[in-house]
Amino acid sequence: MDRRHFLTLGGLAAMAAARAAGTSPGTGPMLLRRIPSSGELLPAIGLGTSGPFEVAKSDSARAPLLEVLQGFFDGGATLIDTSPMYSTAEEVLGDLLTPEQQAKVFMATKVWTPGSGGAAGQKGVEQMQRSMSLLRHQRIELMQVHNLVDLDAHLKTLRRWKEEGRIRYLGVTHYTTSSYPDLMAIIQREKLDFVQFNYSVRTREAEKRLLPLCAHKGVAVIINRAFEDGNLFAQVRGKDLPAWAADFGAKSWAQVFLKFVLANPAVTCVIPATGKLRNLVDNLGAGSGPLPDAKHREKIIAAVG
Ligand SMILES: NC(=O)c1ccc[n+]([C@@H]2O[C@H](COP(=O)([O-])OP(=O)(O)OC[C@H]3O[C@@H](n4cnc5c(N)ncnc54)[C@H](OP(=O)(O)O)[C@@H]3O)[C@@H](O)[C@H]2O)c1
């Protein structure tokens, strides 16, 4: 089966599944949040690629991802987060994204050079050039220093690349609460466009100081692990969705979890990872309609335990 045929089937399947799920990736306005450093608007639901996009070259492994990408853009989303750390994910994206999707995507990848010592700067340049080639995306929207590895060397390059127009925004990422003191010190010290970190209904530490600091300093926030790598679903297994979830338009636990995160106004975009169209459509559904207020957020916390 050729690529064009795959895409056609993927598009049809996306629409069919969306209709079956009662939500359409093509209808309902997606919540947009502003990137403070530029004023550019960004759709609030993005896509993570760690895990689901780390597949081999086979058609059978890639066909569901074509559907996910089709549904993602049909639903008005644009930000895809990836990294050279995620084995084949960058290559898979480069192979699967159509020219139309390449024109729409807000591509967020990373530089990650553990153990490179004094050669970190050069290794970073080579790695970022490779990422651009694999992604077939010559101007990266957001380049992030992954897990703060070799931060100073890479920030220097990223500032130069931004000036030269090779990337549009720069940022840093981490995924643990123990990194927050470092993240906060960096936000205080450096001029960043974006910071990416973990936040979920069960791990709310970021609410205390990190999220308010990002808002105060005008740094856009990407949230990873909103489902705690899927573990949050175990917390609610067998529990019916409470009737009050309808008050803020949530039709599933996934939408409750994502709307909880988006209810914090400092959050710019949340990037749930999935390789399944059905789950993608579910996640996109959290990007429209109302968000939980303070009382509902308390109820969500109590329900998840
Ligand atoms: N240091 C860093 O920079 C860093 C660290 C961690 C993560 N990240 C980024 O953040 C992204 C998200 O984090 P994550 O991948 O750790 O975990 P996550 O988004 O919290 O959870 C992903 C898991 O949730 C499942 N899932 C997704 N949507 C679902 C739905 N609607 N219903 C039920 N299950 C659903 C997925 O399985 P299915 O595939 O079966 O849907 C997958 O197993 C990563 O992919 C990566 O891009 C960055």
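Over region 46-98, the pair-distance histogram of Cα-Cα distances with 10 Å bins from zero comes to 26, 60, 14 percent, rounded to whole numbers. Here the dipole of the chain is about 380 debye; that uses its Cα centre as origin and unit charges on the Cβ of Lys and Arg (positive) and Asp and Glu (negative).
Projecting the Cα positions of LEU155, HIS296, ALA63 onto the charge dipole of the chain (unit charges on Cβ atoms of Lys, Arg, Asp and Glu, taken about the Cα centre) puts HIS296 furthest along the positive direction. Given their separation in residues at 0.36 nm each and the Cα-Cα distance between them, THR88 and GLU100 gain 2.1 nm when the chain is fully extended.
DSSP assigns beta bridges within the chain; of those with both partners inside it, close to 10 percent run antiparallel. Fraction of C-alpha pairs exceeding 26 angstrom in region 87-221: 26 percent, rounded to a whole number. Phi-derived couplings, Karplus 6.51 cos²θ - 1.76 cosθ + 1.60 at θ = phi - 60°, listed residue by residue for region 242-251: x, 4, 5, 4, 5, 4, 10, x, 8, 10 Hz, with x used for Gly and Pro. Using alpha carbon centroids, what distance separates region 194-244 and region 45-77, in Å? For region 194-244 versus region 45-77, the Cα centre distance is 22 Å. Max-minus-min Cα coordinates of the chain on each principal axis give 56, 52, 33 Å, with the largest extent listed first. Quick check: Cα centre of region 250-278 to Cα centre of region 92-171, how many Å? Their Cα centres are 25 Å away from one another. Here region 159-305 is treated as a Stokes sphere of Kirkwood radius computed over C-alpha pairs; at 25 °C and 0.890 mPa s its diffusion coefficient rounds to 152 µm²/s. Springs join every pair of Cα atoms under 10 Å in this Gaussian network model of the chain, and among PHE197, PHE233, PHE72 the largest mean-square fluctuation is at PHE233.
The HN-Hα couplings worked out from phi for region 221-228 by the Karplus form 6.51 cos²θ - 1.76 cosθ + 1.60 (θ = phi - 60°) are 10, 9, 9, 9, 6, 5, 9, 6 Hz, whole numbers, x standing for Gly and Pro.
Please give me the summed charge of the neighbours of ALA215: other residues whose Cβ is under 14 Å from its Cβ, Lys and Arg +1, Asp and Glu -1. Could you put the intermediate results ahead of the total?
Numbers: positive: ARG33, ARG34, LYS208, ARG209, LYS217; negative: GLU207.
That works out to +4.
The relative contact order of the chain, computed from alpha carbon pairs under 8 Å that lie at least 6 residues apart in sequence, is 22 percent. Across ARG189, ARG202, ARG33, mean-square fluctuation computed from a Gaussian network of the chain (C-alpha pairs under 10 Å connected) peaks at ARG189. Just so you know, the Cα atoms of region 104-165 work out to an Rg and Dmax of 11.1, 37 Å. Overall size of region 191-239 from C-alpha positions, given as principal axis extents largest first: 45, 18, 11 Å. The Stokes-Einstein estimate for region 147-205, based on a Kirkwood radius over Cα pairs and taken at 37 °C with 0.692 mPa s viscosity, is a diffusion coefficient of 265 µm²/s.
Computed from the coordinates by the stated procedures, all read-outs in this text should not be read as laboratory data. This one's a predicted model, so the numbers in the text were calculated from it and none came from an experiment. Here the Cβ is made from the backbone with ideal geometry for all residues, glycine too, and neighbour counts use every protein chain on show.
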